Amino acid sequence: MSLRIIFASCLLLGATGKVVAQSSQVEMANLREDVRGLVQRVGELSLRVEQLERENGDLRQKTAASAQAYATVEQLNSAIAELNQTIKAGDAATAERAAAQIKRLGDATNAALDSLAKGMATRPVVQTTFSDNYAKEGVSYTVQKGDTLALIAKKNGARSQDIINANKISDPSRIMVGQTLFIPTPAGK
């Protein structure tokens with residue numbers, strides 16, 4: 001081979017080596033950039049994983065706390081059954097107390113009625129019919145404290161029976177203070 005061909009080959013190889021070297025440097029720079037991007041992305045993902053782990057831990061704690069705060073269906077059914085038994089037992093006791101109280105009230109009512117009946121037996125017969133045989137002229141009188149029908153008749157010069165008939169008083173012992181009575185005036189007064 002000639003020296004010229006060898007020299008040209010060397011020059012060509014040198015130029016190609018420079019191109020290959022430059023291409024390798026560009027490729028190396030691109031790889032470094034890709035690695036730096038990947039490292040940054042891995043860092044971001046690591047932070048996100050840590051955040052998710054914290055949130056997961058918080059949720060586990062909340063779940064454990066809520067499990068203590070809520071009753072199970074079995075616990076509710078048991079509580080309802082116990083409450084039903086208590087109500088049934090309470091109903092029987094309440095019914096017994098009510099029956100005893102009703103009996104006491106009945107006895108007290110019967111005693112009061114007996115007392116009233118005895119009191120009625122000693123009272124005078126109540127007048128239910130009245131005569132129109134009294135003077136139609138007279139005065140009005142307002143019953144005062146301490147007045148009796150006999151006293152009112154005496155004060156006004158009238159007969160007690162005329163006052164009873166004119167005012168249709170069925171029980172002369174039951175006139176009331178403030179009550180207005182018509183007092184018939186006997187003829188000639």
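Going through segment 163-179 one residue at a time, which ones are part of a loop (DSSP other than H, G, I, E, B) and of a type in the set (A, V, I, L, M, F, W, C)?
First pass over segment 163-179, keeping only residues part of a loop (DSSP other than H, G, I, E, B): 168-171, 175-179.
Result: Ile169, Ile175, Met176, Val177.
Could you list, in sequence order, the residues of segment 146-162 that are out of contact with any Leu (no Cβ under 6 Å at 6 or more places or on another chain), part of a helix (DSSP H, G or I) and closer than 12 Å to Pro184 by Cα?
Ile152, Ala153, Asn156, Gln161, Asp162
Tell me which residues, restricted to segment 143-160, are loosely packed, with under 11 Cβ neighbours inside 10 Å and under 12 Å from Met176 (Cβ atoms).
Result: Lys145, single match.
Looking at segment 90-145, which of the residues that are part of a loop (DSSP other than H, G, I, E, B) and among the charged types (D, E, K, R) is modelled with the lowest pLDDT?
Here the residue is Arg123.
The values are calculated or read from the model by the stated rules, or taken from the named source; none is laboratory data. Fair warning: this is a prediction, and the values are worked out from it, not measured in the lab. Here Cβ is always computed from backbone atoms with ideal geometry, including for glycine, and neighbour counts include all displayed protein chains.
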